[in-house]
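Please read the structure below before turning to the comments.
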Amino acid sequence: MQRIAVFPGSFDPVTKGHQSLVMRAAPLFDKLIVAIGGNIEKTTFFSLEQRFEWLKKVFAATPHVKVMKYKGLTVDFCKEVDAGYILRGLRTSADFEFERSIGQINKQLDTSIETVFFLTASEYTPLNSSIVRDILRHGGNPQRFVPDEVDLTPYFRKEQ
Ligand code: ADP
């Protein structure tokens, strides 16, 4: 039986923190699906298509990492793609409390799916997508915080 994991998130945008987590976790699984979730397209900074295209570029050279989109519950998506694991990152104790609740509820929704946590690499612990968006909104250049494949030039040149 294949070990398939889903790494769910909004990736608005994908950061070097996400990339590092995926690259570290990938060897544990036969397939790792980076999945953009949610039906809340209107509230994101970057369009679903843009986030999807960036993720595909970032992981293009890692054959067993796939990028997908989904709507609805993460556990239902896991069933669809035969995944037995959900991958999440832990940056801080606040992440832990948030993730503990989601992980335990997901376990109650589907007892066959385990959530696997990775501590984030220390250099990426302070990094999250909302900081990248905030820097952009205030006219700064957050390029150093995102993978090389994510070109933010058109966004930080634009008047916010
Ligand atoms: P959401 O806000 O929809 O939960 P995110 O895109 O912020 O999704 O995060 C998705 C996953 O990526 C989460 O498990 C989160 O802990 C992890 N993550 C976010 N930022 C980092 C980082 N800097 N380093 C490692 N993992 C991270």
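Which residue fluctuates the most in the chain, going by a Gaussian network model with Cα springs under 10 Å, if the choices are 129, 93, 112?
93
Residue farthest toward the positive end of the dipole of the chain, with Cβ of Lys/Arg at +1 and Asp/Glu at -1: which of 106, 70, 84?
So the residue we want is 70.
Under the definition of Cα pairs under 8 Å and six or more residues apart, what whole-number percent is the relative contact order of region 1-70?
39
Hey, could you pull the Cα Rg and Dmax for the chain, both in Å?
That works out to 15.6, 51 Å for Rg and Dmax.
Taking amide H atoms as placed 1.01 Å from N in the peptide plane, list the residues 5 or more away in sequence, or in a different chain, whose amide H sits under 5 Å from that of residue 86.
Close amide H contacts, sequence-distant or interchain: 6, 114, 115, 116.
What does the accessible area of residue 23 come to, in Å² to the nearest 10, when a probe of 1.4 Å is used?
For residue 23, solvent-accessible area is about 90 Å².
Nothing charged except the Cβ atoms of Lys and Arg (+1) and of Asp and Glu (-1): what's the magnitude of the dipole of region 1-107 about its Cα centre? Round to the nearest 20 debye.
Working: 16 positive and 11 negative charges, 39 e Å.
Taking the Cα centre of region 1-107 as origin, the dipole is about 180 debye.
What is the distance in Å between the Cα centroid of region 3-35 and that of region 54-76?
Centre-to-centre (Cα) distance: 8 Å.
Relative contact order of the chain: what whole-number percent is it, with Cα pairs under 8 angstrom and at least 6 residues apart?
Once divided by the residue count of the chain, the mean separation gives 29 percent.
If you consider only alpha-carbon coordinates, what radius of gyration and Dmax does region 32-104 have, in Å?
13.5, 34
Rank 89, 140, 38 by mean-square fluctuation in a GNM of the chain with C-alpha springs under 10 angstrom and give only the top-ranked residue.
In this elastic network of the chain, the residue with the biggest mean-square fluctuation among 89, 140, 38 is 140.
Could you tell me what percent of the accessible area of region 4-154 is made up of carbon and sulfur, with a 1.4 Å probe and every protein chain present?
On the way: 4340 of 7860 Å².
In region 4-154, the share of accessible area belonging to carbon and sulfur is 55 percent.
In region 115-160, which GluC sites (Glu not before Pro) are in a loop and have at most 13 other Cβ atoms within 10 Å, using DSSP for the loop call? Write down the numbers at each step before the final one.
Details: sites: 123, 149, 159; in loops: 149, 159.
Answer by residue number: 159.
The values are calculated or read from the model by the stated rules, or taken from the named source; none is laboratory data. No experiment lies behind these values; they were computed from the predicted model shown. Positions of Cβ are generated from backbone atoms using ideal geometry, with glycine treated the same way; all protein chains shown enter the neighbour counts. The accessibility values were calculated without ligands, DNA or RNA, using every heavy atom of the protein model including side chains. Shrake-Rupley method; radii C 1.70, N 1.55, O 1.52, S 1.80 Å.
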